[in-house]
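First up is the structure itself, then whatever we jot down about it.
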Amino acid sequence: MRQLLSFALLPLLAGCYTFVPVATLQPAPGTKLSLVLNDEGRSQTARQVGPYTMRVEGQLVEATPSDYVLAVTDVVDIRGARSRWTGETVPLPRTFVMSTDEKRFSRSKTFLLVGAVTAGFVVLARSFKILGLGGPNGDGTPPDPNGQ
């Protein structure tokens, strides 16, 4: 029962994020960024972040006029394969970056996800009579006490 409830509440912990373009040339350190690399960036950073890298995500450590220095958390290649990183610091020249987006928590997407998961859980609980939802008649009504 605990495992089932834990699974139902998992989306609350994960949340949903969205990417919005960075509005400033000098984002604040600690900002969660997603840097999409251009063709030159993909070829020049292959030794640092891997071949065919399309996007590098992480927390901004420092922004200089010529570089972004990220504590990398994820690398996404051109096929969409994601590699998890553990905060290794990587400098990326701005000339290698095609677009810079900020990763932000999306309340609306998270609420939609939680609502959908909750609705699915309720339907599942009613159909399998989990947690006492749904009666023995299968329609949510209690049995007739007179046995009729």
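Scanning segment 23-40 for residues that are surrounded by fewer than 16 Cβ atoms within 10 Å (Cβ to Cβ), touching a helix residue (DSSP H, G or I) at 6+ places or on another chain (Cβ under 7 Å) and not in a loop (DSSP other than H, G, I, E, B) yields a single hit, GLU40. Of everything in segment 41-64 that is open to solvent by 60 Å² or more (accessible area, probe 1.4 Å) and farther than 13 Å from VAL97 by Cα, the residue that is farthest from the chain's Cα centre (by Cα) is ARG47. Filter segment 18-51 for residues that are in contact with a Lys or Arg (Cβ under 8 Å, 6 or more places away or on another chain) and over 16 Å from LEU92 (Cα atoms); which is modelled with the highest pLDDT? Taking the candidates together, the pick is VAL20. Screening PRO91 against (1) touching a Phe, Trp or Tyr at 6+ places or on another chain (Cβ under 8 Å); (2) open to solvent by 70 Å² or more (accessible area, probe 1.4 Å) leaves a single unmet condition, (2).
The values are calculated or read from the model by the stated rules, or taken from the named source; none is laboratory data. For clarity, every value in this text was computed on a predicted model and none was experimentally measured. With ideal geometry, Cβ positions are generated from the backbone for all residues, glycine too; neighbour counts draw on all protein chains shown. Keep in mind that these areas ignore ligands, DNA and RNA; they rest on the heavy atoms of the full protein, side chains included. Shrake-Rupley method; radii C 1.70, N 1.55, O 1.52, S 1.80 Å.
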